[in-house]
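Heads up, the thing below is written out as structure tokens.
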Ligand code: FES
Ligand SMILES: [Fe+2]
């Protein structure tokens, strides 16, 4: 499917906006291993060589097209990737260094994508025309991600539509049932980076977190880094909770995407004595619970996303000023396409 389209839609949204997308957590790709993924409508491999560097490349051998992933028989030998069909060997640069017989034609090279390992994640950059990235994924201050937890789902949605939630504050009231919502500062847009600031009251959905049945005030700072990666800094001052949520929308086949919902709790809430427990014990468990909480919350959105039709000319109302600005922000990720923008 070349363009993301609902059966009832009379318009379409390019399913693969330019930008950085998360392929894996760094810890899931050991040195001297490789794995295959469907990413941005193509098959790719990720390969960490014996020095620890990561390569992301098209999975099909430039010779006759064998798949180079481990399931197809592609293997790593002496820091080379060996095709299972005729044994061509590729260096970590992607360059073919050995063919069946004779000299290696210089043109035999894997098609590679810019890859960047940051914040404990393997990210790759997609550009429809193959241009190099002009921005990179920012680094967060913490360096230890061992207790960050993710829930991953394959969902039928488009990353522009899911990220739009970051500025769609009226859905926080109606769909998610928050109240006393306040926009703490104007939404900021700086190139591919968008920041939104809210405060609201909400209770927890996960039974074990909601056993106190309290409704607390949360302050959130949302950072959107292109359409594939968002983080949300969460602070609930009354109870001392501090956490960071991670949300990744990685298109796979043009209709579905891999959607990651993560949480990393830094400071346990002062509830039921939780904060008295050893941090090393409680923070990983709370991170898992908060990732589950985020996933439960997103299941409400998912029910809508998976059936909605993209409106290129939405009829906006007074509360939707930031949606208009968001749609303008999105234009940069489709530089060569007509798209997606509301009329004023
Ligand atoms: S298809 Fe890969 S070496 Fe022939
Ligand atoms: Fe939402």
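The values are calculated or read from the model by the stated rules, or taken from the named source; none is laboratory data. Note that the coordinates shown come from a computational prediction; the quantities given were computed from them, not determined experimentally. Virtual Cβ from ideal backbone geometry, glycine too; neighbours counted across all protein chains shown.
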Members of region 94-106 that are part of a loop (DSSP other than H, G, I, E, B) and either near ligand 1 (Cβ under 9 Å from one of its atoms) or without any contact (Cβ under 8 Å) to a residue 12 or more places away in the chain (or both):
99, 100, 101, 102, 103, 104, 105, 106
Region 158-180, residues that are under 15 Å from residue 223 (Cα atoms) and either within 16 Å of ligand 1 (Cβ to nearest atom) or assigned to a helix (DSSP H, G or I) (or both)
159, 160, 162, 163, 164, 165, 166, 169
Evaluation of residue 136 against (1) surrounded by fewer than 15 Cβ atoms within 10 Å (Cβ to Cβ); (2) without any contact (Cβ under 8 Å) to a residue 60 or more places away in the chain; (3) touching a strand residue (DSSP E or B) at 6+ places or on another chain (Cβ under 8 Å) (one fails), failing number:
(2)
Looking at 190, 168, 186, which one is in the same structural domain as residue 307 (by TED's automatic domain parsing), at negative phi and within 16 Å of ligand 2 (Cβ to nearest atom)?
168
One residue is enough: does region 257-266 have a residue meeting the conditions surrounded by fewer than 21 Cβ atoms within 10 Å (Cβ to Cβ) and outside any strand (DSSP E or B)?
no
Do we find that residue 75 is at pLDDT 95 or above and within 15 Å of ligand 1 (Cβ to nearest atom) in this structure?
yes
